[in-house]
Amino acid sequence: MLRAGHRPHMSLDGPDADSLRDLRRDLHRHPEPAWREFYTTARLVDELETRSLDELHVGPEVLSEDRRGVPDTAELETWAERAVDAGARADVVDRLAGGETGVIATLNRGDGPTVGVRVDIDGLPITEADDSSHRPAAEGFRSENEGYMHACGHDAHATIGVGVLDAVAASDFDGTLKVFFQPAEETVSGGEPMATSGHLDDVEYLLALHVGLDHPTGEVVAGVDGFLAVSHFDAAFAGASSHAGGHPERGRNAVQAMAAAIQNLYAIPRHHDGATRVNAGRVGGGTASNIVPEAAFIEGEVRGETTDLMEYMDDHAQRVLRSAAEIHDCEVEVEYAGRAPSGESDDELAAVVADVAGDTAGVDSIRDRDTLGGSEDATYLMQRVQERGGLATYVCVGTDHPDGHHTPAFDVDEETIRIAVDVLSGAVERIGAERP
């Protein structure tokens, strides 16, 4: 669906477009994976504390106690020290002890509805490209945390969240705005503890954001659907070692158990109700060619077109893992690393986004709907709002990116930041006035 229109972009009260670009590039230089977003959180706190906010909740204040996939203490301390060395405020990093990262910023501007905007902030374990054709390398804001990068645009998301706060503060918005800077999206483990923190319980409308997703700069998708529910698991197989030549019968081969499990995970019957997926993404085990391996592991996932279909796959996967261990006289321990339900965008709220986008400078193509075909734990926040009678939509603002998401050459067209701020802040203002 195409619409044409030109609404002068909102002037930001505070940092101008150059300052937002600088913030994005600073975040890009300091990518941090799930539950290690110490620098990112502290940098956002520095920005937000300069604003006239009514509330600013940080770290443990924005999360419920039940978190999955949290690294061990030694790794968390390494990342915390790295953040301070990079210039993060030590007092803020101290508040994030245990990897309790993330921020929620609140503006109260009248008696209107409470509107939430959700952006994510974590990076990925990918080594960023360093050739001259890659703009971050050419212009001096390539990742300084070698082996990690913002390969999905979360640096832009966090920046857009700050820009939306500024634009709404300068507008005639009637209501309350909450911006949720969510950690640990890439491991689908941050959405649930933020959704169950209590901060979503008064939100009547929620806009969740992603840039790109193979849509070009100037295109906006007002409501994304087709989220696959997902469950990540870590399976640890334990057997017994022995000499592979002298006494192979004394060993209990954990790699055999792992291999049997992998083979049968991919043999799980598919379901007639919809799409299902399974993947053994990272596997390993053993110590030497002449030792019967006593330990092995699988880091895998199952997905489903609906939450029920994901749970169908998960039930089968758990049985496969247990059975494979038993066949080879081994034990297996399975832990969930992250989960997210399926989700749908609400038509009424997507229509508001589409109308605002149609009047936004730089937007030349609007799609009412698109299917993600992947997973996102924003669905936890969307579901929380919808279960309480509210409306939610997942908005995609396109960006020209030179390679696919989760690749070393990924980058964001920074014009997207301005467009996204205009679309989301305009939608927030419209929601306050019209209460769809």
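The values are calculated or read from the model by the stated rules, or taken from the named source; none is laboratory data. What you see is a predicted model; the values in this text were computed from it and never measured. Cβ coordinates were reconstructed from backbone atoms using ideal geometry, including for glycine residues, and neighbour counts include every protein chain displayed. Only protein heavy atoms, including side chains, enter the accessible area calculation; ligands, DNA and RNA are left aside. Shrake-Rupley method; radii C 1.70, N 1.55, O 1.52, S 1.80 Å.
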Report summary line: For the Asp174, Glu299 Cβ pair and Förster radius 35 Å, calculated FRET efficiency rounded to 0.05 is 0.15
Query raised in the report: Ignoring ligands and nucleic acids, what accessible area does Tyr312 show with a 1.4 Å probe (Å², nearest 10)?
Result: 50
Query raised in the report: What relative contact order, as a whole-number percentage, does the chain give when Cα pairs under 8 Å and 6 or more residues apart are counted?
Result: 24
**Report entry** Shape call, the stretch 40-128: gyration tensor on alpha carbons, a/c limit 1.5
**Finding:** prolate
Query raised in the report: Want the number for Ala351 to Asn290: 0.36 nm per residue separation, take away the alpha-carbon distance, what's left?
Result: 15.5 nm
**Report entry** the stretch 299-436 - convex hull of the alpha-carbon atoms, volume per residue in Å³
**Finding:** 141
**Report entry** Gained length - Asp66 relative to Ala275, 0.36 nm times residue gap less alpha-carbon distance
**Finding:** 72.3 nm
Report task. Would you mind computing Rg(Cα) / (2.2 N^0.38 Å) for the stretch 104-145, counting N as its residues? Result -> 2.01
Report summary line: Zone reached by a paramagnetic label modelled 7 Å from Asp214 Cα along Cα→Cβ, restricted to the stretch 340-376 with backbone N below 15 Å, covers 370-375
Requested in this report: Loop sites only, by DSSP: take the trypsin sites (Lys or Arg not before Pro) in the chain that have at most 13 other C-beta atoms within 10 Å and name the longest stretch containing none of them.
Outcome: 1-269
Query - Acute angle (nearest 10 degrees) that the helix 254-265 long axis makes with the longest principal axis of the chain, alpha-carbon atoms - result: 50
Report summary line: Rounded to the nearest 10 degrees, the helix 378-387 long axis (Cα) sits at an angle to the longest Cα principal axis of the chain of 70
Query raised in the report: Which FRET efficiency, nearest 0.05, do His243 and Ile327 yield, Cβ-Cβ r, R0 25 Å?
Result: 0.65
Query raised in the report: Once amide H atoms are placed 1.01 Å from N in the peptide plane, what residues at a sequence separation of 5 or more from Arg252, or on another chain, have their amide H within under 5 Å of its amide H?
Result: Ala240, Ser241
Query raised in the report: Under a 5 Å amide H to amide H cut-off, with H placed in plane at 1.01 Å, what residues pair with Ile121 once short-range neighbours are removed?
Result: Gln182, Ala184, Glu185
Query raised in the report: Using alpha-carbon positions, what is the distance between the centroids of the stretch 159-219 and the stretch 45-121, in Å?
Result: 14
Report summary line: Among beta bridges assigned by DSSP with both residues in the chain, the antiparallel ones amount in percent, to the nearest 5, to 65
Report task. Determine the shape class of the stretch 373-436: with a ≥ b ≥ c the square roots of the Cα gyration tensor eigenvalues, call it rounded for a/c under 1.5, and otherwise prolate if a/b is greater than b/c, oblate otherwise. Result -> oblate
**Report entry** Listed residues His271, His215 arranged by accessible area, highest first, probe 1.4 Å
**Finding:** His271, His215
Query raised in the report: Taking square-rooted eigenvalues a ≥ b ≥ c of the alpha carbon gyration tensor, is the stretch 122-240 rounded, prolate or oblate, where a/c under 1.5 means rounded and, failing that, a/b exceeding b/c means prolate?
Result: oblate
Query raised in the report: Based solely on its DSSP helices, what 222 nm [θ] is calculated for the chain when runs of n ≥ 4 H residues each add -39,500 (n - 2.57) and the sum is averaged over all residues, nearest 500 deg cm²/dmol?
Result: -10000 deg cm²/dmol
**Report entry** Angle between the chain longest axis and helix 154-169 axis [Cα atoms, degrees, rounded to 10]
**Finding:** 30
